[in-house]
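K.L.:
After the structure tokens below, expect a handful of questions from me.
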Amino acid sequence: MPAVKDFSKILAGMPRGSWVAISHDEERVVSYDAKLEEALRKAKETGETDPIVMRVPDSPSPLFL
């Protein structure tokens, strides 16, 4: 059974509806943007080559993966 990870704490304060790139160790947001392509580009600029990418929900709710 896969582990469940609660991302609500590291996504706190991120703009609703934005695309977020999370570090491969799942500990921090490395970039975000309204456009997916920009969030990925910015993540690569930080040296994160394989980020976890997700969209911040439009409404406040817990987010588990």
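K.L.:
Cβ-Cβ below 6 Å, separation at least six or inter-chain, first residue in region 2-22 and closer than 18 Å to Leu40 by Cα, second surrounded by 12 or more Cβ atoms within 10 Å (Cβ to Cβ) and among the small types (Gly, Ala, Ser): which pairs?
P.N.:
Note: pairs meeting the criteria are Trp19/Ala39; Ala21/Ser31; Ala21/Ala39; Ala21/Ala43.
K.L.:
Here is a further query. With the requirement that a residue be basic (Lys, Arg) and exposed (fewer than 15 other Cβ atoms within 10 Å of the Cβ), what does region 1-42 give you? Reasoning before the result, please.
P.N.:
Of all residues in region 1-42, those basic (Lys, Arg) come to 5, 9, 16, 28, 35, 41-42.
Lys5, Lys9, Arg16, Arg28, Lys35, Arg41 - these are the residues of region 1-42 that are basic (Lys, Arg) and exposed (fewer than 15 other Cβ atoms within 10 Å of the Cβ).
K.L.:
Could you please find all residues in region 21-50 being in a loop (DSSP other than H, G, I, E, B), more than 18 Å from Ser8 (Cβ to Cβ) and not β-branched (Val, Ile, Thr)?
P.N.:
Restricting attention to region 21-50, the residues satisfying the condition of being in a loop (DSSP other than H, G, I, E, B) are 23-28, 34-35, 46-50.
Filter again for more than 18 Å from Ser8 (Cβ to Cβ), leaving 24, 34-35, 46-50.
The answer is His24, Ala34, Lys35, Gly47, Glu48, Asp50.
K.L.:
Any idea which of Lys35, Lys9 is at pLDDT 90 or above and out of contact with any Leu (no Cβ under 9 Å at 6 or more places or on another chain)?
P.N.:
Working: Lys9 fails: at pLDDT 90 or above.
Every option except Lys35 fails the conditions.
The values are calculated or read from the model by the stated rules, or taken from the named source; none is laboratory data. Treat the numbers as computed from the prediction; the structure is a model and nothing was measured. Glycine also receives a Cβ, built like all others from the backbone with ideal geometry; neighbour counts cover every protein chain displayed.
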